[in-house]
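The values are calculated or read from the model by the stated rules, or taken from the named source; none is laboratory data. Remember, predicted model here, so these are calculated numbers, not experimental data. Counting neighbours? That spans all protein chains shown, and the Cβs are built from the backbone with ideal geometry, glycine included. These area figures cover heavy atoms from the full protein model, side chains too; ligands, DNA and RNA do not enter into them. Shrake-Rupley method; radii C 1.70, N 1.55, O 1.52, S 1.80 Å.
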Amino acid sequence: MNSQEDAPLLSRFWALALMALLIATWPLWWVTSQPGSLPSLPLLDIVRKVDGQVASRIATFVMSGTLMAIGILGNYIKNAWRRKAWACVAICLTLLFALDQHRLQPWAYQSFFYAIIFAFAPTCQIARHWILVLMTSVYLYSSLGKFDYQFVHTVGHDFVLHMLKLPKDVLGVGWFDGLAVDEIATRLCFALPVTEFLAAVMLLPKRTQRFALVIVIFMHATLIGLLGPWSLGHSWGVVVWNVALLIQALIFLMTLHRNEMQDHVGIQPNDVPRPRSRLWSIARILIIVACVAPLAERAGYWDHWLSWSLYSPHTSGADIEIHQSVVDKLPEQTQRFVEDDQDGDGWHFVSLQRWSIETCWAPIYPQARYQIAVADDLARRYQIDRGIRVIERSASDRWTGQREQRWLVGNNEIAKRLRESWFYSF
């Protein structure tokens, strides 16, 4: 294996990983009209005008095309055909995102950029470089999003607390018996983003690349242990993605060692460049935008997941509540996601997270705009009108964890708020 073969190797591996991820979240990618399914909500307003049955046929056709392209990638085909297959994957993913913004799962978004790199990069060495740039941006923004009050006091605290209690659960011997475990967990959780940040800044320089890859492997191995069904029980899509990222780091680590051995004995790789194309120039611009746009996440101009805000609960959102007088208008399959009235005011909370996990096999898209769009669809489809309300929550303040709230009562206020989103101005 020469120094240029890691990109084709990663290309073949990522084809299998993408197939596994699609299978792990299968219901998310097929448009169904079955009662109780989470609605398909297009990303842009112009796509919303497409008839539902037409959209379903388009999604089915596109999904079939994606699977066929990935199936081609599974074979050791010629490089030119492999590039065409990846271009097909990129086009299909774009159409699937446009038809339903919930499909912008972080791994699918990442796979789109991998697809355009594998399709249009002039050489394997250039492909390798840009994949490393993307990997760096993922870990960098993910770590920065965790230097946050909400992460330290919620998800990060829970992760560390679970790790501290694991020896006692498994071996019956606790490391911190008799100590203030909660306080220790709050302090130790800062180690998680610090470790991730160090991996990000050391990933591009060749001198520190090996150490960074070892850190990445350790991080994902830890997350797999924490998030799997044997522990915290997160969705299979999340677990499979962490497995894929771990193997990706192993591939880079393996090829890095072999490249150094070849350089030591004077072997020069044979990587014949393809002519630079306009498509590759466009692809590079898209990658650069993806690496810079997350800077606008806290200001609300870029989505949280597209900014690699992973396992960080500072994201915006919306709580949907249905009045008891109109609950019967919902299909029985949807009513099972309506919680009991906890405070006796007649309003019932709709669990979007449970709805998404059970019907799409994926976490709910963590964006207030999307969750308000779900409320808008419920109000219009079942003519609920004043029987629905939304409590919109802004992204939390990094230092205090405080959020701003906005109440939207009735279909008119919900629809008006939705139209204020710049995504729906196209």
Residues (assigned to a helix (DSSP H, G or I) and among the small types (Gly, Ala, Ser)) located in region 182-231:
ALA185, ALA191, ALA199, ALA200, ALA212, ALA221, GLY225
Determine which member of the set ASP51, ASP6 is open to solvent by less than 10 Å² (accessible area, probe 1.4 Å) and modelled with pLDDT under 85.
ASP6
Scan of region 365-396 for residues that are in a helix (DSSP H, G or I) and on the phi > 0 side of the Ramachandran plot, ordered by number
ASP385
Qualifying position, being out of contact with any strand residue (DSSP E or B) (no Cβ under 8 Å at 6 or more places or on another chain), charged (D, E, K, R) and within 30 Å of PHE151 (Cβ to Cβ), among GLU420, GLU392, GLU321
GLU420
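Anything in region 329-349 that is open to solvent by less than 50 Å² (accessible area, probe 1.4 Å) and assigned to a loop (DSSP other than H, G, I, E, B)? List them, or say none.
Answer for region 329-349, where residues must be open to solvent by less than 50 Å² (accessible area, probe 1.4 Å) and assigned to a loop (DSSP other than H, G, I, E, B): LEU330, PRO331, PHE337, ASP341, GLY346.
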Any hit, region 325-339, residues being within 26 Å of CYS189 (Cβ to Cβ), in contact with a Gly (Cβ under 6 Å, 6 or more places away or on another chain) and at pLDDT below 95
no
Any residue in region 369-396 that is open to solvent by 30 Å² or more (accessible area, probe 1.4 Å) sitting within a Cβ distance under 6 Å of a residue that is of a type in the set (Lys, Arg)? List the pairs, counting only those 6 or more apart or interchain.
TYR382/LYS329; ARG393/ARG403; SER394/ARG403
Can you pull out the residues in region 203-232 that are within 17 Å of THR255 (Cα to Cα) and open to solvent by less than 50 Å² (accessible area, probe 1.4 Å)?
LEU203, THR208, GLN209, ALA212, LEU213, ILE215, VAL216, ILE217
Pairs where the first residue, in region 11-35, is under 14 Å from VAL243 (Cα atoms) and the second is at pLDDT 90 or above and among the polar types (S, T, N, Q), C-beta under 6 Å, 6+ apart:
LEU18/SER111
